Amino acid sequence: MDNQDQQKERKPLLYIQTANHVMEEIRKRKLQSHDLVLSEGEIAKLYGVSRMTAKLALQILEKKGIV
C-alpha cells in the first residue's frame, strides 16, 4: 500500500469527527440562533472524547459561524 492509499483510508481527526457529529445534532434538533448547544463537558461525555477534543470541535463550529 503506498502513501496515497494510506491517506485515502485515514479518518478525519477526532475533533473534526466530533464537530461533524455536533453539527448534525444541531441540524436534527433544528436549533435556532438563540438556542443553547451542548457544553464542552456534555459533548465530551456524549461522544466519549476529552474536553480538549470537545473544545476544539466547538472552536471549529465557531469559526464556521455555526455556534
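Read-outs: derived from the displayed coordinates by stated rules, not from any lab. Predicted model, so just to flag it, every value in this text is computed and none were measured. In this analysis, Cβ positions are derived from the backbone assuming ideal geometry, glycine residues included, and neighbour counts consider all displayed protein chains.
Can you put His21, His34 in order, fewest other beta carbons within 10 Å first? Could the numbers behind the result be given before it?
Working: His21 15, His34 5.
The most exposed by this proxy come first: His34, His21.
Could you line up Met23, Met52 from fewest to most neighbouring Cβ atoms inside 10 Å?
Met52, Met23
Could you please rank Lys30, Lys45, placing first whichever residue has the fewest other Cβ atoms within 10 Å of its Cβ? Walk me through the numbers before you get to the answer.
On the way: Lys30 7, Lys45 13.
Fewest to most other Cβ atoms nearby, the residues stand as Lys30, Lys45.
For a test of understanding, tell me how many lysine pairs in the chain have Cα atoms under 25 Å apart, given they are 8 or more places apart or on different chains.
Summing the qualifying lysine pairs gives 19.
Counting alpha carbon pairs within less than 8 Å and at least 6 residues apart, what relative contact order, in whole percent, applies to segment 11-63? Each step should come with its number before you reach the end.
On the way: 32 pairs, mean separation 25.8, N = 53.
Relative contact order comes out at 49 percent.
For the chain, what is the mean residue ellipticity at 222 nm derived from helices alone (per DSSP H run of n ≥ 4: -39500 (n - 2.57); sum divided by total residues; nearest 500 deg cm²/dmol)? Present the calculation step by step, with values, prior to reporting the outcome.
On the way: 4 runs with 44 residues, N = 67.
For the chain, the value works out to -20000 deg cm²/dmol.
Starting from the Cα of Gln32, move 7 Å in the Cα-to-Cβ direction to define the label point; list residues of segment 51-67 whose amide nitrogen is under 15 Å from there.
Within reach of a label on Gln32: no residues.
Over the Cα atoms of the chain, Rg to Rh with Kirkwood Rh, two decimal places?
Answer for the chain: 1.08.
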